[in-house]
């Protein structure tokens with residue numbers, strides 16, 4: 001076997017472990033009995049360890065070193081070069097950090113997550129604080145090994161959104177924040193409750209919602225021969241090559257389950273669109289977390305919450321839920337696009353969402369630039385909520401303690417949610433230009449034109465192009481917040497009469 | 001860490017991989033989408049390989065070698081000695097076989113299983129024959145490495161039923177065969193159809209069956225906090241320490257699902273009764289396949305198909321399935337204990353079952369004693385079916401091709417099914433003596449006395465005692481077919497008026 005084939009074999013072995021690990025996680029969040037938490041957590045730790053050992057083995061190192069030599073590179077074609085590049089990236093991020101530190105971080109995360117759960121339960125920030133401090137300390141140490149472009153925080157952003165730096169994000173976020181705040185202020189000053197009464201006082205039986213969601217996933221193009229749809233408290237999607245599983249949640253109080261379904265279906269269609277000939281290779285993965293989120297946001301917000309989609313789905317909803325019949329499509333449209341500041345990020349609407357992220361980004365950057373102490377995060381959080389959204393959480397469970405990310409050491413992850421919204425807007429703008437009759441298609445429940453376009457232009461390329469290059473290929477320019485802001489001004493200007 | 005602690009750590013790592021593998025298998029047979037077969041099979045192969053590498057690593061070898069030295073043994077207590085003994089056993093069975101041969105066997109099995117599926121589909125023995133030959137050839141080779149007491153076949157029996165040899169099994173099976181044949185002849189000569197019409201012409205809605213089965217599992221003592229009950233085409237149970245999952249199947253044509261449920265619950269209660277302090281250790285596993293089967297058979301046949309259990313369950317069945325009301329409990333009892341020779345082992349009744357096994361045992365032994373050529377198996381099968389059960393399968397799909405075991409290289413596995421029936425009869429005989437009022441308990445749906453007795457006397461000891469010692473401790477004598485035969489003569493003598 002050639003060295004390149006050796007590397008592919010290692011990559012496939014890694015992917016086999018990763019797929020197993022993914023199934024353990026999927027099961028944990030769907031069907032696992034409650035009493036199995038301990039055994040499951042040990043099994044996951046073992047597979048993670050085996051993954052790590054294989055990724056950072058001397059054999060992997062030899063292959064990587066060899067294939068990155070000029071003479072070896074000269075023998076590789078474009079695809080092979082990209083494969084080596086992606087594998088080298090993953091290898092280096094892990095290999096450079098000493099095993100000792102990785103074990104320390106893993107232990108600290110386990111402790112921090114359980115402390116975070118308790119702290120959130122009791123709304124007790126002080127209980128979590130020492131763990132937050134420890135996480136930051138260890139992350140700073142790790143960043144020195146991993147390396148970064150300009151500053152510590154770059155090392156983390158680069159993990160989830162390769163090619164991005166703290167400064168690049170800041171350059172996008174800072175003006176976006178201002179604009180968003182201004183839109184929010186204008187909306188709040190109107191003191192309107194669009195679509196009031198559409199859901200209130202009605203019951204939406206879960207059985208019908210499930211049936212409808214199942215049909216919708218299929219209509220959107222999800223392939224049930226290679227996937228499943230199940231129930232989960234916190235909806236998520238997991239891709240395991242030829243087996244992609246999405247989940248959804250349902251409440252009797254409204255029918256927003258169709259939008260969380262479209263969100264997860266967006267993730268799932270990306271996974272199902274990845275090139276099957278690269279299954280098991282790093283190259284066959286998704287581009288970045290931001291790109292993944294762009295797919296879910298596009299189907300959720302640009303398709304799902306649009307007037308055109310309602311042409312298709314609203315009559316169906318009325319058939320299944322007779323209480324809706326006394327409301328117009330327009331009322332429904334306004335209700336599902338209502339803007340209302342909330343303490344909780346995952347409940348935020350399209351307009352306020354990126355402000356929740358900007359707040360977290362400000363804090364993370366402050367922490368890693370040593371401009372902010374961990375103990376100050378609670379108060380800074382409250383002040384910024386006040387500044388951006390004009391509401392102040394009364395207890396930290398509704399504020400600084402609401403997300404799991406920091407306890408898991410996932411600094412640099414939050415920005416990708418907001419970037420996902422920006423990618424979605426910018427890419428959808430191009431899609432609308434390039435796909436003849438896209439609006440009509442959506443109005444009539446024909447989703448194959450958009451799905452096919454995304455598959456052809458994004459999904460099937462796996463990780464061949466980096467995010468920056470992909471965005472330029474697709475849209476002719478670098479990522480900008482302009483399309484997101486234009487979209488919001490346009491849409492919410494009309495809803496709120498701004 | 002001491003060498004003993006090192007060994008325990010390896011054992012726990014192995015168990016973590018094994019648990020992950022078990023979940024992959026469980027999912028494959030319950031919820032996995034059809035199109036995910038390929039990826040799943042690769043993931044399973046990878047985890048199996050990782051398990052094998054860890055089990056046969058130089059580190060494991062060093063620990064095993066060290067701990068088996070006289071000086072080291074002197075330092076260990078009884079439990080530790082048993083732990084080392086069990087780990088040594090598993091290690092040696094794998095370490096002794098060259099990696100090259102293991103890979104060959106694994107590849108041959110994959111090919112043989114897919115050829116077997118095609119062959120069974122087309123009822124074409126010739127299509128499977130070369131694979132059967134290959135399996136036998138490789139198994140003979142492996143046996144030479146593994147070692148055996150007297151003859152090749154011993155190496156395989158010992159894998160599933162440690163301590164047993166071909167001769168020991170033969171000494172039990174030969175007289176048992178004669179007796180069973182004689183009982184079957186007597187029954188067939190009566191030309192009766194006990195309980196005729198109890199199921200025929202009726203429909204038993206699956207929804208009610210499922211509800212009833214779920215309640216019954218719980219009543220039997222299955223802990224849903226640490227387990228699940230799901231549907232599967234071929235019912236099975238998988239134990240993953242604190243997470244034990246059983247499955248069942250349902251047909252609208254009858255209500256025998258309660259007996260397959262009790263069978264699987266028997267397996268599941270054994271798994272849930274294993275000592276939690278030894279989770280992750282070889283010592284914490286079950287004694288042997290035969291012992292596992294004894295637990296399922298005891299709950300299925302000695303409890304489930306008894307008159308006492310019907311006192312408890314028949315009224316409930318009548319409540320749920322009104323068609324049963326026109327039949328008496330006695331008719332129902334006779335129907336569920338009907339003896340009817342069938343081609344298919346998994347459909348066999350309590351009386352003919354062990355003859356299906358004896359037939360397979362005769363053939364396996366003949367093959368490995370070189371008294372029989374693989375090409376003769378089809379005809380020998382037909383002749384023996386004629387001799388034992390007075391029926392001859394017209395096509396090999398109903399005969400020699402019906403079971404997956406040989407294609408998977410699992411020679412020596414079949415006997416454990418029959419041994420399970422024998423253990424069940426012998427152990428239940430003791431249980432009846434030792435548990436005051438057991439019959440009354442069962443009549444009134446109180447299962448905790450039997451469950452508790454099994455847990456205390458068998459389950460909680462894990463693998464501390466070998467099968468032979470356990471049987472003697474429990475019943476005061478070695479395993480014999482007498483209890484099984486007495487039970488059948490007694491029960492079926494009464495049903496058929498022999």
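Could you check how many percent of all C-alpha pairs in the protein assembly as shown are farther apart than 57 Å? Write out the running numbers ahead of the final one.
Values: 112711 of 495510 pairs.
Of the Cα pairs, 23 percent sit more than 57 Å apart.
Which of rounded, prolate, oblate describes the stretch A:252-366, given a ≥ b ≥ c as roots of the alpha-carbon gyration tensor eigenvalues and a/c under 1.5 marking rounded, otherwise prolate only if a/b is larger than b/c? Oblate, since a/c reaches 1.5 and b/c is not below a/b. For the stretch B:131-180 and the stretch B:413-486, what is the centre-to-centre distance using only Cα atoms, to the nearest Å? The two parts, judged by their Cα centres, are 25 Å apart.
Determine the relative contact order of chain A: mean sequence separation of Cα pairs under 8 Å and six or more apart, normalised by residue count, in whole percent. Present the calculation step by step, with values, prior to reporting the outcome.
Numbers: 670 pairs, mean separation 100.0, N = 498.
Relative contact order here is 20 percent.
For peptide B:64-70, the mean count of partner chain Cβ atoms within 10 Å of a residue's Cβ comes to 0.
The DSSP beta bridges internal to the stretch B:189-279 are antiparallel in roughly 40% of cases. Helix A:125-146 and the longest principal axis of the C-alpha atoms of chain A enclose an angle of approximately 50°.
Suppose R0 equals 22 Å; then what is the FRET efficiency for residue A:494 and residue A:440 from their Cβ-Cβ distance, rounded to the nearest 0.05? Please report the intermediate quantities before stating the final value.
Numbers: r = 20 Å, r/R0 = 0.91.
Rounded to the nearest 0.05, the efficiency is 0.65.
Here the label points at residue A:219 and residue B:469, each 7 Å from Cα along the C-beta direction, are separated by 6.7 nm in the simple model. Beta bridges from DSSP with both residues in the stretch A:156-498: antiparallel share about 40 percent, rounded to the nearest 5.
Any chance you could check the Cα centroid distance between the stretch A:255-269 and the stretch A:302-332 for me, in angstrom? The distance from the Cα centre of the stretch A:255-269 to that of the stretch A:302-332 comes to 16 Å. Based on Cα atoms of chain A, Rg over Rh with Rh as the Kirkwood radius reads 0.95. Taking the longest Cα principal axis of chain A as reference, the axis of helix A:414-434 is set at about 70 degrees. Just check the stretch A:31-71 against the gyration tensor rule for me: Cα atoms, a ≥ b ≥ c as the square roots of the eigenvalues, rounded for a/c under 1.5, and otherwise prolate or oblate depending on whether a/b exceeds b/c. Taking the square roots of the gyration eigenvalues as a ≥ b ≥ c, the stretch A:31-71 is prolate. Peptide B:9-20 has a mean shielding of 4, counted as Cβ atoms of other protein chains within 10 Å of each residue's Cβ. When only Cα pairs below 8 angstrom with a gap of at least 6 residues are kept, the stretch A:103-232 shows a relative contact order of 10 percent. With R₀ set to 45 Å, the beta-carbon distance separating residue A:9 from residue B:478 gives a calculated FRET efficiency near 0.30. Would you work out if the stretch A:1-95 is rounded, prolate or oblate? Take a ≥ b ≥ c from the square roots of the eigenvalues of the alpha-carbon gyration tensor; rounded if a/c is under 1.5, else prolate when a/b is larger than b/c, oblate otherwise. It is prolate, given that a/c is not under 1.5 and a/b is the larger ratio. Against the main long axis of the alpha-carbon atoms of chain A, helix A:3-30 sits at an angle near 40°. Within the protein assembly as shown, DSSP assigns beta bridges of which about 40% are antiparallel (rounded to the nearest 5).
With the label put 7 angstrom out from Cα along the Cα-to-Cβ vector, residue B:404 ends up 3.3 nm from the copy partners, going from closest to farthest.
Please compute the average number of Cβ atoms from other chains found within 10 Å of each residue's Cβ in peptide A:21-30.
Details: counts 2, 1, 10, 5, 0, 3, 6, 1, 0, 1.
Mean partner-chain Cβ count within 10 Å for A:21-30: 3.
Computed from the coordinates by the stated procedures, all read-outs in this text should not be read as laboratory data. What you see is a predicted model, and the numbers here were worked out from it, not measured in a lab. FYI the Cβ positions are ideal-geometry reconstructions off the backbone, even for glycines, and counts take in every protein chain you see.
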